[in-house]
Amino acid sequence: MTYVGGVRLYLGLWVMSSNSCAMVVSKGLVNPPSTGREPYFVSPPGAAARPLLAVDGYASCSFIFLLFLHRLLFFLRCPFFFSFVFESPCKMLNMLSVFSVLRRQFLENNCLNVFLIMRRSKNCSLFSLLRTSLKELVYENTAKRGLWLSASSLVDEDLHLHPRILSNFCINTRSFSIPVKRFDRASNCRGLGHHEFPEFRGLNRFLCSSEAGSGELPRCWNCGGAAVSPGPFLACGLCGSVQPVDQSIDFFQIFGLERKYEIKDGNLEGKYKDWQKKLHPDLVHSKSEKEKMFAAEQSARVIDAYQTLSKPLLRAIYLLKLEGVHADEEKTITDPDLLAEMMDIREAVEEANDSHSLNQIQTQVEEKFEKCSRSFEQAFKMHDFDNAIAAIERMRYHDRALEEITKKL
Amino acid sequence: MLSFAGKRLLGLGHRVSAAAVAGRGYHERVVDHYDNPRNVGSFDKNDPSVGTGLVGAPACGDVMKLQIRVDEESGKIVDACFKTFGCGSAIASSSVATEWVKGKKMEEVLSIKNTEIAKHLSLPPVKLHCSMLAEDAIKAAVKDYEAKKAKEGNADAATQVEKA
């Protein structure tokens with residue numbers, strides 16, 4: 001038992017030690033060209049990276065010592081101490097390898113988090129942190145080396161020159177896990193000469209997607225084709241792949257309508273079904289995870305748009321929201337006329353028991369709702385937002401009353 | 001021992017999350033007020049000793065009417081009733097408001113805060129505006145009564161001047 005255990009231990013220790021030594025050596029030999037400003041180790045927010053390396057170095061030394069001790073005890077035939085020493089180096093090595101893995105993962109997560117924070121907050125101030133993190137990772141001996149190399153050069157060249165692009169950053173967690181083999185096959189990458197390959201251009205576009213705001217047409221992430229057809233770029237016309245959600249396309253643009261309250265002949269339902277034929281998640285069942293995610297988000301957004309635009313009250317509120325006006329919904333109102341009127345209507349609804357009287361009340365309330373919505377339209381055209389908000393409040397009350405009537409019917 | 005220390009170092013130990021699973025749903029007091037409504041009704045609006053507070057919340061389209069009957073000599077509220085169209089929390093808040101208001105003086109009643117009502121009913125944050133509505137209803141009722149009294153006072157003075 002002890003002999004077999006010894007062999008296993010040996011193999012394990014040999015593998016782990018070579019790993020850790022390689023890591024230690026690589027740290028020492030490969031130094032990134034320091035510009036003098038950036039520390040070699042960027043300490044990620046919230047944790048100290050330097051102690052990790054220190055522990056790696058010391059752990060490897062202590063491991064070697066323990067290995068020696070183990071061998072010595074074996075020769076001295078001390079079973080009790082043998083088992084104790086047998087276990088600890090294994091555990092030390094586990095820690096070592098786990099440390100290195102953790103450190104790599106930590107840096108990767110760090111980069112991803114910084115990307116996400118920059119996208120969410122739409123500011124570029126974390127850009128230098130990101131650049132150093134990426135550079136750090138570039139010199140990691142990981143399987144994703146190709147991706148990191150390209151990503152870092154991208155970060156250097158593109159983002160530095162176009163900080164505005166950061167506002168539409170579209171990065172996916174999956175992009176960090178594309179293995180280098182696929183990347184090589186896709187782009188025939190030999191070293192850093194990758195700018196001329198179209199697939200890489202796709203990746204380029206994916207990592208820093210430029211939008212119409214920067215003066216060029218949006219391009220498909222998959223085939224690199226530009227958006228040709230008029231209308232919002234939700235799915236590529238050439239290859240059919242679903243595009244990531246662009247929050248600047250508002251609901252009216254999705255349905256090709258003007259930003260008005262009136263939508264006659266909008267054919268909302270027809271257009272809604274057309275979009276779902278292109279964007280529904282069931283259609284991308286066999287495609288990549290990334291595209292599945294895009295499809296889910298895009299179709300959810302189209303559903304939202306359809307529901308908002310088909311109801312007049314929600315449409316009115318959305319219109320005001322687009323203009324930047326938010327009705328303060330938490331305040332209480334004490335308008336005696338409106339409230340007394342609503343009180344009467346609601347009481348009448350409570351008391352009415354047959355469908356005939358309910359229908360009567362319903363038509364009355366619908367008329368009043370129409371009047372309110374006309375007044376909203378007028379106010380909105382004149383950009384008289386206070387009256388518009390007041391009209392919305394009245395519409396809401398009437399809408400509520402209509403709901404109650406419908407429930408009773 | 002070393003593995004344990006390793007785990008602690010790497011922060012991989014399990015975190016025993018003592019997350020209390022909060023029951024979702026209306027608190028039993030709210031349900032009680034909904035099932036056994038108290039003080040529902042209305043008084044005559046034109047009665048001089050009655051003050052009516054009518055408030056609404058535009059966000060949810062709720063309407064709340066709270067009426068108080070005040071004893072003129074002592075200035076105490078002898079009776080109160082309410083009528084609310086809205087969610088269960090709004091109904092319960094106004095019900096609680098009518099209960100608390102009975103037997104108190106008008107100045108005292110103005111100091112009832114929405115936070116107390118919310119705490120009494122354990123309202124979730126999304127329903128806090130219902131308790132706010134109840135507080136506003138109380139204040140509106142008192143204000144209406146004061147206004148009525150002032151108008152009456154003016155009318156009396158006018159008739160006295162006429163008679164004289």
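The values are calculated or read from the model by the stated rules, or taken from the named source; none is laboratory data. All figures in this text were calculated on a predicted structure; none of them were measured in a lab. A quick note on method: Cβ atoms are made from the backbone with ideal geometry, for glycine too, and the neighbour counts reach across all protein chains shown.
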A:Arg346 vs. criteria part of a helix (DSSP H, G or I) and in contact (Cβ under 8 Å) with a residue 40 or more places away in the chain: yes
In the stretch A:326-339, is there at least one residue being within 13 Å of chain B (Cβ to nearest Cβ) and small (Gly, Ala, Ser)? yes
Give me a count of the residues in the stretch A:217-257 that are aliphatic (A, V, I, L, M) and in a loop (DSSP other than H, G, I, E, B). 8
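Given A:Leu358, A:Leu314, which one is within 14 Å of chain B (Cβ to nearest Cβ) and either surrounded by fewer than 17 Cβ atoms within 10 Å (Cβ to Cβ) or modelled with pLDDT under 90 (or both)? Steps first, please.
Working: A:Leu358 fails: within 14 Å of chain B (Cβ to nearest Cβ).
Unique residue meeting the criteria: A:Leu314.
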Restricting attention to the stretch A:380-397, which residues are crowded, with 19+ Cβ neighbours inside 10 Å and over 18 Å from A:Asp344 (Cα atoms)? A:Phe380, A:Ala388, A:Ile389, A:Ala390, A:Ala391, A:Ile392
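Among the listed residues B:Ala90, B:Ala97, identify the single one that is of a type in the set (Gly, Ala, Ser), closer than 18 Å to B:Gly61 by Cα, in contact (Cβ under 8 Å) with a residue 24 or more places away in the chain and buried (at least 21 other Cβ atoms within 10 Å of the Cβ). Quick ask: steps written out before the conclusion?
Values: B:Ala97 fails: closer than 18 Å to B:Gly61 by Cα.
Being of a type in the set (Gly, Ala, Ser), closer than 18 Å to B:Gly61 by Cα, in contact (Cβ under 8 Å) with a residue 24 or more places away in the chain and buried (at least 21 other Cβ atoms within 10 Å of the Cβ) holds for just one of B:Ala90, B:Ala97, which is B:Ala90.
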Given (1) over 15 Å from A:Leu313 (Cβ atoms); (2) surrounded by fewer than 18 Cβ atoms within 10 Å (Cβ to Cβ); (3) within 13 Å of chain B (Cβ to nearest Cβ), A:Glu403 misses just (1)
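Would you say A:His398 is assigned to a helix (DSSP H, G or I) and in the same structural domain as A:Met343 (by the TED database)?
Numbers: assigned to a helix (DSSP H, G or I): yes; in the same structural domain as A:Met343 (by the TED database): yes.
So A:His398 fits the description; yes.
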Quick one: A:Phe376 ticks every box in (1) in contact with a Ser or Thr (Cβ under 9 Å, 6 or more places away or on another chain); (2) crowded, with 22+ Cβ neighbours inside 10 Å except a single one, so which number is it? (1)
For the stretch B:119-131, give me each residue that is free of Cβ contacts under 8 Å to residues at least 24 places away in the same chain and either more than 14 Å from chain A (Cβ to nearest Cβ) or under 8 Å from the mean Cα position of the chain (by Cα) (or both). B:Lys119, B:Pro124
Looking for something closer than 22 Å to B:Ile68 by Cβ, assigned to a helix (DSSP H, G or I), without any contact (Cβ under 8 Å) to a residue 60 or more places away in the chain and within 14 Å of another protein chain (Cβ to nearest Cβ) - is there at least one such residue anywhere in the stretch B:134-141? yes
Keeping to the stretch A:225-257, report how many residues are surrounded by fewer than 19 Cβ atoms within 10 Å (Cβ to Cβ) and charged (D, E, K, R). 1
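I'd like the residue in the stretch A:306-343 that is hydroxyl-bearing (Ser, Thr, Tyr) and in a helix (DSSP H, G or I) and, out of all such residues, is farthest from A:Trp275 (Cα to Cα). Full working, then the answer.
Kept after step one, since they are hydroxyl-bearing (Ser, Thr, Tyr), are these residues of the stretch A:306-343: A:306, A:308, A:310, A:318, A:332, A:334.
Of the ones still in play, those that are also in a helix (DSSP H, G or I) are A:306, A:308, A:310, A:318.
Details: A:Tyr306: 11, A:Thr308: 16, A:Ser310: 16, A:Tyr318: 21 Å.
Here the answer is A:Tyr318.
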Any hit, the stretch A:255-270, residues being under 21 Å from A:Glu297 (Cβ atoms) and of a type in the set (Val, Ile, Thr): no
